[in-house]
Amino acid sequence: MAEISYPFNAANPDSGATNIVSETQWQAMAKIWGGDRIDHRLTGQATAAVLPFGGRVVNVNTVEVKPGKAWVGGFYYELTETKTLPVAANTANTGRIDLVVIRADMSKPSVNLAIRKGVNGSTPVEPAAVRQAGGIWEMPLYSLSVPANGGLPVLQSRGGYDMPPPVGFPWYALESAAALPKNTFSYDLDSNGPEEITELFNYSDKPRTARQLGPTRKYVPNLVNVTSTQ
């Protein structure tokens, strides 16, 4: 069948419509609904104590991750209790950087916490997350620096969080932006004039202009407080 479409209430073999969706087809469809993210909306200044998936180093061989929820590669993941992960020992005389990830593995199939081991080096490089639809798809949570000669690892946050979706206003954009949750982008779409389309960001104290999106404006520099030498 050259054409396939899904999901429908009933299959139609003549048109290619199907009412049965495989895991791979679900991922192909669901991963474009929104990017990977931790299911916690940032609408103000964040504190580590309240953020999901809080991590800490327990010892040279163990890291701990607290509960949280996330959307990864088209699948929803919930960690309902604190989980410990083993860290591969580093007895070499060079450091290594690992990556703590939430990993969707279609071969299992399931989504689980995991550590992607890096490569030792005098200047170690953080490994890239794997994102292969139908195979392994990872969302980074933490970079884990593993020092040489069995030193104590260090965690650094890498997880992306949800944020308020942007909205547009035809007028009174600045006043309307102030009523939105903090950290929201909004747009003055300027229904009453074509030259002042503006992107606004509702910062912690008040909305700020992030950029002007109208037509290019000519800028003519003008020197002040300069005495001509000619």
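Every number here is computed from the coordinates shown, using simple stated rules; none is lab data. All figures in this text were calculated on a predicted structure; none of them were measured in a lab. Glycine also receives a Cβ, built like all others from the backbone with ideal geometry; neighbour counts cover every protein chain displayed.
A few points about this structure:
- Extension gain for ALA30 to MET163 (0.36 nm times residue separation, less C-alpha to C-alpha distance): 46.0 nm.
- Set of the range 144-186 residues, backbone N closer than 18 Å to the point 7 Å along the Cα-Cβ line of THR209: 169-178, 185-186
- Taking the helices alone, the chain has a mean residue ellipticity at 222 nm of -1500 deg cm²/dmol, built from -39,500 (n - 2.57) per DSSP H run of at least 4 residues and averaged over all its residues.
- For the range 74-119: rounded, prolate or oblate by the Cα gyration tensor [a/c cutoff 1.5]: prolate
- Normalised alpha carbon radius of gyration of the chain [divisor 2.2 N^0.38 Å]: 1.42
- Cα-centre dipole for the chain with unit charges at Cβ (Lys and Arg positive, Asp and Glu negative), debye to 20: 740
- Cβ crowding within 10 Å averaged over residues, with 12-25, 196-209 ranked highest first: 196-209, 12-25
- Inter-label distance for ASP105 and GLN132, nm, one decimal - labels placed 7 Å from Cα along Cα-to-Cβ: 1.3
- Amide N of the range 131-153 lying under 19 Å from the label point, which is placed 7 angstrom from the Cα of ASN93 along Cα→Cβ: 146-152
- Applying the criteria of a DSSP loop state and at most 11 other Cβ atoms within 10 Å to the GluC sites (Glu not before Pro) of the range 65-169 yields GLU81.
- Cα-based shape type of the range 121-230, given that a ≥ b ≥ c are square roots of the gyration tensor eigenvalues and the cut on a/c is 1.5: oblate
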